[in-house]
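**Q** Before we start, here is the structure in question, set down as structure tokens.
The values are calculated or read from the model by the stated rules, or taken from the named source; none is laboratory data. Keep in mind that what you see is a predicted model, and the values were worked out from it rather than measured. For neighbour counting, all protein chains shown are included, and Cβ atoms are generated from backbone atoms with ideal geometry for every residue, glycine included.
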Amino acid sequence: MSIYLIIFFPLIIISSLFVIISNNSVTSVLYLISVFILTSIILLLLGAELLSILIIIIYIGAISILFLFVIMLLNLRIVKSIIVY
């Protein structure tokens, strides 16, 4: 079990860093979903099945998909403005 924890903890840290440094907001939400999935896998390995299922249902099923729909509906883009004096 400890070898799985050694594998999954750095993946969670790397994915959470990609959430922060990602330029595209859609990929940032996808990295956030991967963080939630990896967290639920660790909780399954530790024996907390109920918390793992709740993370999958509540965070991935509701909150992350809501973030994804809002980002896709708003269609935000970074526009470089050129100021000419």
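**Q** I'd like the full set of residues that are under 19 Å from TYR59 (Cβ atoms) and either over 12 Å from the mean Cα position of the chain (by Cα) or not in a helix (DSSP H, G or I) (or both), limited to region 16-34.
**A** If the condition is that a residue be under 19 Å from TYR59 (Cβ atoms) and either over 12 Å from the mean Cα position of the chain (by Cα) or not in a helix (DSSP H, G or I) (or both), then SER22 is the only one that fits.
**Q** Same structure again: Would you check if ILE20 is in contact with a Ser or Thr (Cβ under 9 Å, 6 or more places away or on another chain) and surrounded by 14 or more Cβ atoms within 10 Å (Cβ to Cβ)?
**A** no
**Q** At pLDDT 90 or above, in a helix (DSSP H, G or I), of a type outside the set (S, T, N, Q) and loosely packed, with under 13 Cβ neighbours inside 10 Å: which single residue out of ILE13, ILE3, ILE37 fits that description?
**A** Only one candidate qualifies: ILE13.
**Q** Quickly run through region 40-73 and pick out the residues that are surrounded by 14 or more Cβ atoms within 10 Å (Cβ to Cβ) and outside any helix (DSSP H, G or I).
**A** Listed by number, the list holds a single entry, ALA48.
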